[in-house]
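The values are calculated or read from the model by the stated rules, or taken from the named source; none is laboratory data. On a predicted model such as this, the values are computed, not experimentally measured, just so you know. For neighbour counting, all protein chains shown are included, and Cβ atoms are generated from backbone atoms with ideal geometry for every residue, glycine included. Keep in mind that these areas ignore ligands, DNA and RNA; they rest on the heavy atoms of the full protein, side chains included. Shrake-Rupley method; radii C 1.70, N 1.55, O 1.52, S 1.80 Å.
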Amino acid sequence: MLRVLICDEMNPGNLDHNGFQIDYQGNMDRAETLRRLSQYDALITRSRTKVDRELIDAAGPRLKVIGRGGVGVDNIDLDYASLRGLLVLNAPESNNVSAAELAVMHLMSAARGLTRSDRKTRAGEWDRKFLGLELKDRTLGIVGLGRIGSMVADRAQGLRMTVVAYDPYVPESKFERLGVTRAATLDELLDAVEFLTVHTPLTEETTGMIGARELARMKPDSIVVNAARGGIIEEQALVDALHSGHLFGAGVDVFVDEPPTADHIFLGAPNLGITAHLGANTREAQERVGAEIVSRVLAALQGDVSKGAVNAPALDPKTLEALGGYLDLGEKLGRIQAQLLPGAYDIEVTFRGEFPVDPAPVVSSVLVGYLSGSTDERPNMINARALAKERGLNLAVREQTDSPDYQTEVIVKVSTQGPTQGPDKARTRTVGGTVFGRSPRLTRLRDYRVELEPEGYILIASNQDKPGAVAQLSTLLGTWGINIAGMALGRSQRGGEALFTLTLDEGLSAEQLRAIRNLDVIDSAYLVKV
């Protein structure tokens with residue numbers, strides 16, 4: 001009989017499951033939890049219980065799974081849990097419907113001036129002159145077509161809106177399935193829409209992605225909503241666009257710093273509806289989260305760890321010793337491919353040569369790298385395959401005993417070609433690498449052989465094999481004060497197409513990358529951050 005302890009208050013749903021004894025005691029005090037935990041195979045908490053080293057050590061060897069009802073896991077020592085081989089799960093999808101409905105509510109509220117009218121009516125002013133906007137036949141732009149963004153699209157279509165979305169990490173097949181028009185760039189999206197809502201993770205790439213320049217591209221009297229993460233839309237830029245009258249209205253559920261101070265710029269902004277980060281706060285969502293985390297914990301205890309995994313328990317020492325460098329290599333190859341060709345339909349991982357142990361875990365590390373920063377959940381060695389399947393990626397793994405150039409080599413090929421796409425839309429990128437000792441090396445870009453450490457910023461440029469290309473590019477970088485840390489060259493044949501890579505000490509701005517591409521001696525140029 002597998003035993004599960006629920007020590008925090010929640011609505012866990014049905015507790016009668018064959019083969020399991022589930023003990024529910026909400027608000028169990030810490031001393032009691034420490035005393036009893038060693039008798040259980042799994043622990044389920046909310047945010048109240050601090051699952052630190054003391055609690056994990058008290059659990060002893062029997063505990064296998066820790067479940068956190070909800071999204072955040074700040075109350076759990078993930079590093080120590082992973083070191084002890086404990087699987088940590090959460091249930092982030094439970095609030096998806098609630099979050100999507102809140103975003104739509106903000107769109108409708110801003111369109112009809114509900115916040116404005118409520119404030120004036122309470123102040124004794126009966127203002128019936130305000131003219132709102134209808135959503136019907138308007139164009140909604142969605143940044144991020146993940147779970148919540150997809151739900152918003154569905155509901156907007158029910159309101160007879162036209163939906164356009166920008167998400168470079170989602171394959172074409174998902175846009176077609178949802179009936180959503182794909183925008184190739186963020187600027188293309190902004191030029192086309194009258195309403196905008198963001199539903200993307202907060203990453204280095206998405207922080208401040210909607211600023212003054214982006215808001216200015218939108219049509220006058222547009223509406224903007226952020227019910228995702230504070231900081232995706234620049235707060236000052238949003239307030240300025242409202243004060244200037246360029247935006248008709250806006251709605252926010254999230255702040256960069258929460259709770260906001262009494263003098264926060266949002267609080268005095270006109271035509272701005274504000275809620276206190278309420279995306280998950282519905283009765284139905286809170287009921288779902290309890291039942292969902294119980295279901296996932298029971299599944300994990302029976303061997304199914306495909307849903308909700310937050311961490312990746314440490315591999316056994318033998319496997320980690322044998323594959324450590326390859327796991328690092330796989331994640332870096334995946335991260336490079338995500339920048340060279342986001343939104344792939346197919347990913348193919350080929351292992352060449354004789355590996356010391358089964359290299360299957362390296363496939364998961366490739367997916368972790370490819371999906372990092374592009375999904376609502378943090379990918380790891382446990383959930384990466386499930387997230388890839390949900391994203392619509394087709395995965396193929398091949399093994400070749402011969403490795404003509406190195407003792408072992410990992411080749412990662414990604415393609416945008418899917419069953420609904422024509423050949424003219426197909427694009428493919430190939431990268432490869434090996435491990436020297438425990439140090440990853442990049443060995444292949446497209447059909448070219450290179451050799452460099454995949455670290456920092458890498459500028460990948462192609463040109464015709466003629467003198468002067470590297471010199472001109474190096475001179476341009478020098479004028480910007482950007483130092484070259486390393487270089488690798490490759491060519492198909494003498495005088496034909498060539499490729500070279502430069503490892504840079506710092507990144508390039510969009511303007512600098514455009515200047516490089518405009519050089520007569522350069523055919524193409526891409527910057528990746530490893």
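Odds and ends about this structure:
- Condition check for residue 165: in a loop (DSSP other than H, G, I, E, B) and modelled with pLDDT of 90 or more: no
- Once the stretch 427-464 is narrowed to residues that are under 27 Å from the mean Cα position of the chain (by Cα) and on the phi > 0 side of the Ramachandran plot, the residue that is surrounded by the fewest Cβ atoms within 10 Å (Cβ to Cβ) is 456.
- Residue 514 under 23 Å from residue 365 (Cβ atoms) and within 28 Å of the chain's Cα centre (by Cα): no
- Some residue of the stretch 71-84 being within 28 Å of the chain's Cα centre (by Cα) and within 26 Å of residue 269 (Cα to Cα): no
- Residue list for the stretch 347-362, restricted to those being touching a Lys or Arg at 6+ places or on another chain (Cβ under 8 Å) and without any contact (Cβ under 8 Å) to a residue 40 or more places away in the chain: 357
- Unmet criterion (only one of (1) within 18 Å of residue 66 (Cβ to Cβ); (2) surrounded by fewer than 18 Cβ atoms within 10 Å (Cβ to Cβ); (3) under 22 Å from the mean Cα position of the chain (by Cα); (4) among the hydrophobic types (A, V, I, L, M, F, W, C)) for residue 278: (1)
- Yes/no for residue 34 being open to solvent by less than 30 Å² (accessible area, probe 1.4 Å) and modelled with pLDDT of 95 or more: no
- Between 85, 60, 69, 26, the distinction of being among the small types (Gly, Ala, Ser) and surrounded by 14 or more Cβ atoms within 10 Å (Cβ to Cβ) belongs to 69 only.
- Cβ-Cβ under 8 Å pairs, at least 6 apart or on other chains, the stretch 75-91 side within 14 Å of residue 42 (Cα to Cα), far side assigned to a strand (DSSP E or B) and modelled with pLDDT under 90: 87/309; 88/309; 89/309
- Residue match in the stretch 516-527 (condition: open to solvent by less than 60 Å² (accessible area, probe 1.4 Å), without any contact (Cβ under 8 Å) to a residue 60 or more places away in the chain and outside any loop (DSSP other than H, G, I, E, B)): yes
- Within the stretch 433-456, being small (Gly, Ala, Ser) and in a loop (DSSP other than H, G, I, E, B) holds for 437, 456.
- Residue 86 modelled with pLDDT under 95, touching a strand residue (DSSP E or B) at 6+ places or on another chain (Cβ under 9 Å) and of a type outside the set (Gly, Ala, Ser): yes
- Test result for residue 145, open to solvent by less than 50 Å² (accessible area, probe 1.4 Å), more than 26 Å from residue 270 (Cα to Cα) and touching a Ser or Thr at 6+ places or on another chain (Cβ under 7 Å): no
- Selection within the stretch 323-351 - β-branched (Val, Ile, Thr) and farther than 14 Å from residue 415 by Cβ: 336
- In the stretch 346-361, residue nearest to the chain's Cα centre (by Cα) [restricted to those that are buried (at least 21 other Cβ atoms within 10 Å of the Cβ) and under 26 Å from residue 426 (Cα atoms)]: 347
- Within the stretch 181-206, considering residues that are under 20 Å from residue 102 (Cβ atoms) and β-branched (Val, Ile, Thr), the one farthest from the chain's Cα centre (by Cα): 193
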